[in-house]
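Right, one structure below, let's go through it.
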Amino acid sequence: MRRERVVDTGVVLLAAVLALTNALVQLPLLREPFDAVAFGLLFAGAAALWFRRTAPVAVAWFVAALSVTLVSAAWVWPGADPDGVLLPSAVPFAAYAVPLYARRWHGWIPLAVIAAVSVVGAPPQAHLVAVAGQVVALVGGPALLGLYAAARVERLERERDLRADEARRAERLRLAAEIHDVVSHRVSVMVLQAGALQVTAPDEPVRRAAEELRATGCQALDELRDLVGLLTTSGSAASGPLVPLPDLSGLTAAVESVGIAVDLHEVGEPRPLSGAVGRTAYRVVQEALTNVGKHAPGSRVRIDVDHLPAGVRVRVRNTAPERVGDAELAAAGGGTGLLGLRRRIELLHGTLVAEACADGGFLVDVRLPTLAEERP
């Protein structure tokens with residue numbers, strides 16, 4: 001920002017110096033009233049260049065209006081010299097700024113007006129080649145330089161975006177390798193040990209606990225597989241067979257058992273989803289209910305599942321809490337659950353809205369497609 005201000009100041013000062021030089025050379029040193037007016041208009045054009053970045057088209061129109069005024073006044077003002085018509089020194093700077101900062105076709109209209117004015121205002125004895133050279137030097141050349149600079153800026157921006165995408169992709173690959181090599185291996189060992197315990201346990205309660213542990217481990221492996229697929233190819237985990245949305249009744253029953261009332265409503269015909277999408281929707285409900293238990297004890301929860309033609313929408317809304325939650329429990333997790341879900345949903349080309357409601361409650365609104373498209 002500071003560098004831009006320095007450059008803008010330099011451009012304005014350079015245009016002012018050029019205006020002063022041209023005026024002193026071609027005007028008879030303010031001996032006529034027209035000279036004072038022309039002097040002021042030339043410096044007004046130079047000052048307007050301060051806004052060429054933020055309003056390049058407006059600056060171009062202002063410079064075009066100054067050009068028309070100077071040429072017209074030179075022909076009708078008593079004592080003015082039509083052969084000594086001056087164009088604002090801001091013309092080439094405005095012509096350069098329009099293609100660089102505006103990048104809209106209508107910005108070329110004031111440049112065309114300036115070019116026409118420079119032709120009309122040329123002295124009658126001026127050679128056609130000299131007039132054309134003036135138009136090229138003041139309007140055409142700077143405009144072409146602006147086009148080149150704009151193309152270079154766009155190329156640099158594309159290269160920067162590509163480098164950023166490659167850096168993100170490399171980081172995802174590194175994370176995927178760590179998840180696969182460390183976490184997945186340990187969870188797999190846990191599942192095998194739980195299966196062995198289920199077979200060899202001497203009593204039924206231990207066998208049931210081992211079975212629950214094994215089932216939880218298998219579910220964790222499925223989710224880890226989804227995450228690894230998303231991290232490596234941004235959506236390959238969604239390319240498997242389509243399956244129904246996982247049953248949410250188990251989640252609602254578990255929450256109701258600890259005193260939180262839950263109403264589950266489904267609208268539309270259930271449609272098969274990719275495994276990653278279905279499990280992500282399940283995780284959204286799970287995380288939202290977990291947060292209700294932490295932060296809003298005693299509230300009522302409504303879960304709306306809308307089966308759409310090309311995906312699913314899940315809304316979890318709770319009322320205001322009836323009592324203050326456990327501070328230690330609420331602090332656990334640090335708020336990373338929804339942040340992680342948001343990134344996971346973005347990788348699946350979905351959207352997540354999590355916001356407080358006016359009545360003191362909270363809303364989690366998620367839209368997910370049937371199949372996730374690749375996203376960098």
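Does residue 156 satisfy the criteria of being of a type outside the set (Val, Ile, Thr) and surrounded by 11 or more Cβ atoms within 10 Å (Cβ to Cβ)? So residue 156 does not fit the description; no. State whether one or more residues within segment 132-147 are over 21 Å from residue 49 (Cα atoms), free of Cβ contacts under 8 Å to residues at least 60 places away in the same chain and part of a helix (DSSP H, G or I). Yes, segment 132-147 contains a residue that is over 21 Å from residue 49 (Cα atoms), free of Cβ contacts under 8 Å to residues at least 60 places away in the same chain and part of a helix (DSSP H, G or I). Residues of segment 220-254 that are touching a strand residue (DSSP E or B) at 6+ places or on another chain (Cβ under 9 Å) and either modelled with pLDDT of 75 or more or surrounded by fewer than 15 Cβ atoms within 10 Å (Cβ to Cβ) (or both): 239, 240, 241, 242, 243, 244, 245, 248, 249, 251, 252, 253. Identify, from the list 274, 257, the residue that is among the polar types (S, T, N, Q), within 26 Å of residue 244 (Cβ to Cβ), at pLDDT below 85 and exposed (fewer than 15 other Cβ atoms within 10 Å of the Cβ). Of the residues listed, the single one that is among the polar types (S, T, N, Q), within 26 Å of residue 244 (Cβ to Cβ), at pLDDT below 85 and exposed (fewer than 15 other Cβ atoms within 10 Å of the Cβ) is 257.
Quick one: is residue 146 more than 25 Å from the chain's Cα centre (by Cα), surrounded by 14 or more Cβ atoms within 10 Å (Cβ to Cβ) and closer than 30 Å to residue 100 by Cβ?
yes
Cβ-Cβ contacts under 6 Å between residues 6 or more apart (or on different chains), taken from a first residue in segment 184-209 that is under 19 Å from residue 220 (Cβ atoms) to a second residue that is acidic (Asp, Glu) and modelled with pLDDT of 85 or more, are listed as 198/211.
Among the residues of segment 267-283, write down those that are within 27 Å of residue 227 (Cα to Cα) and either in a helix (DSSP H, G or I) or charged (D, E, K, R) (or both). Scanning segment 267-283 gives 271, 275, 276, 277, 278, 279, 280, 281, 282, 283.
The single condition from (1) part of a loop (DSSP other than H, G, I, E, B); (2) at pLDDT below 80; (3) of a type in the set (Asp, Glu) that residue 328 fails is (1). Here 113, 117, 139, 129 are screened, and the one residue that is over 24 Å from residue 17 (Cα atoms), surrounded by 14 or more Cβ atoms within 10 Å (Cβ to Cβ) and over 28 Å from the mean Cα position of the chain (by Cα) is 113.
Checking 183, 120 one by one, the residue that is in the same structural domain as residue 64 (by TED's automatic domain parsing), in contact with a helix residue (DSSP H, G or I) (Cβ under 8 Å, 6 or more places away or on another chain) and modelled with pLDDT under 80 is 120 and no other.
The values are calculated or read from the model by the stated rules, or taken from the named source; none is laboratory data. Since this is a predicted model, take the numbers as computed values, not measurements. Note that each Cβ is placed from the backbone with ideal geometry, even for glycine, and that neighbours are counted across all protein chains shown.
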